[in-house]
Amino acid sequence: MSKVLKKDQAVEGFDYGSLGIEQRLVVQQRAGEIRERLRRTAQDIWEVGQKLSDVRSRLKHGQFEAWLSVEFGWSRRTAYNFINVYEAFPERANFTQVDIAASALYLLAAPSTPQTLRDEFMHRACQGEKVTHSTLRKALQAAKQSPSSAASTIEVVKVAPEIPQATPIRPEIIAFIPKTEPVGKLKPVVVRTSEPKPVAIPSYAPPQVKLGDWYLLGKKHVLFCGDTAAAHFHERAPQADLAVAITDDWGHDWLIERANTLLLLPESPLKEGTIKQTLMLYSEPGDTIIFPWLPDKAMLAIAHQLDRRICAGDPSPERCSRAIACSGLKVERIHP
């Protein structure tokens, strides 16, 4: 549940009893309809966004976030990615007849994506071209580097808080994306779709891991046991397609320049399936991913099984050891 919710809203189940009969029936019906849509493909993302927008308009201040958390385990930012698609395409596009990846659709609808690029890729999809997240991301990068584009900077996109600015806020999900044009009404780009199928995770006795050491896993991934904010780590970290920082203690501004896309998620509570969904939505097989923390022991195993290349680190030898053991990969110490 979002940390910005009031204490009296932290309940085990959403308080439908506080709603009127008609209001309660509509909101409960929308919950069932959204669950059904989530089991289908990208053609229903628009409709999910429409229904979320409808529910949002029917609930009072703060109730929308509580409903999202109880019904789907989502934050406000997650829901807004579906709503973005609905608002970016006011008239429902016929997604059943175009080949566009769901993750590409979310990026296409992001407020930072220029309308000209959005129109171009939708036209290409309607002409029979398969539109992928990788293809669209490369086009955004090219647009950013063109002479007519804005300066090559990073824009932090997040929803305006619904509590006084003086109150400290720890973001639930923040996306750092290439700035291509001035952003109007700020909205997020991170989404969750239906729950992924469980990944079979092998395990064996944890190896001995020491602070300051680098390790090679499966002759493919690298892991550093130590402070990932230190130069010893980030000077050796590769340029990455995606960085996923799961932490409640930020201090890694270097990631903004090192990764094409940076996602910041809270460490607790980390929903089951979040890591797999995030990697599937915002990267493709063969992409390089940076994990500057390893709070979930299955992170390396999941990334390996999805055929991503990982550069990871964590200051805790225990967490590094658990992640290596869970991956089931052969580990070799790399001399610094």
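The values are calculated or read from the model by the stated rules, or taken from the named source; none is laboratory data. The structure displayed is predicted, hence computed values, not measured ones. No Cβ is skipped: glycine too gets one built from the backbone with ideal geometry, and neighbour counts run over all protein chains shown.
If a residue must be of a type in the set (Val, Ile, Thr) and in a strand (DSSP E or B), how many such residues does region 249-264 contain?
Taking region 249-264 and keeping what is of a type in the set (Val, Ile, Thr), we get 256, 261.
If we keep only those that are in a strand (DSSP E or B) as well, we get 261.
Total satisfying the criteria: 1.
Looking at region 257-292 only, could you name the residues that are at pLDDT below 80 and either hydrophobic (A, V, I, L, M, F, W, C) or not assigned by TED's automatic domain parsing to the domain that holds Cys320 (or both)? Scanning region 257-292 gives a single hit, Leu270. Restricting attention to region 319-336, which residues are in a helix (DSSP H, G or I), out of contact with any Lys or Arg (no Cβ under 7 Å at 6 or more places or on another chain) and in contact (Cβ under 8 Å) with a residue 60 or more places away in the chain? Matches in region 319-336: Cys320, Ser321, Ile324, Ala325, Ser327. Before we move on, is Ala298 more than 18 Å from Lys210 (Cα to Cα), modelled with pLDDT of 90 or more and under 21 Å from the mean Cα position of the chain (by Cα)? Judged against the criteria, Ala298 is a match.
Reported count of residues in region 55-69, each being without any contact (Cβ under 8 Å) to a residue 60 or more places away in the chain and not hydroxyl-bearing (Ser, Thr, Tyr), is 9. In the condition set (1) at pLDDT 85 or above; (2) outside any loop (DSSP other than H, G, I, E, B), Pro238 is compliant with all but (2). When restricted to residues that are surrounded by fewer than 22 Cβ atoms within 10 Å (Cβ to Cβ), outside any helix (DSSP H, G or I) and at pLDDT 80 or above, region 68-111 contains 3.
I'm checking my understanding of the structure. Among residues of region 299-315 that are part of a loop (DSSP other than H, G, I, E, B) and in contact with a strand residue (DSSP E or B) (Cβ under 8 Å, 6 or more places away or on another chain), which one is surrounded by the fewest Cβ atoms within 10 Å (Cβ to Cβ)?
Ranking the candidates gives Pro315 first.
The single residue among Asp307, Asp287 that is farther than 14 Å from Tyr215 by Cβ, in contact with a Leu (Cβ under 7 Å, 6 or more places away or on another chain) and charged (D, E, K, R) turns out to be Asp287.
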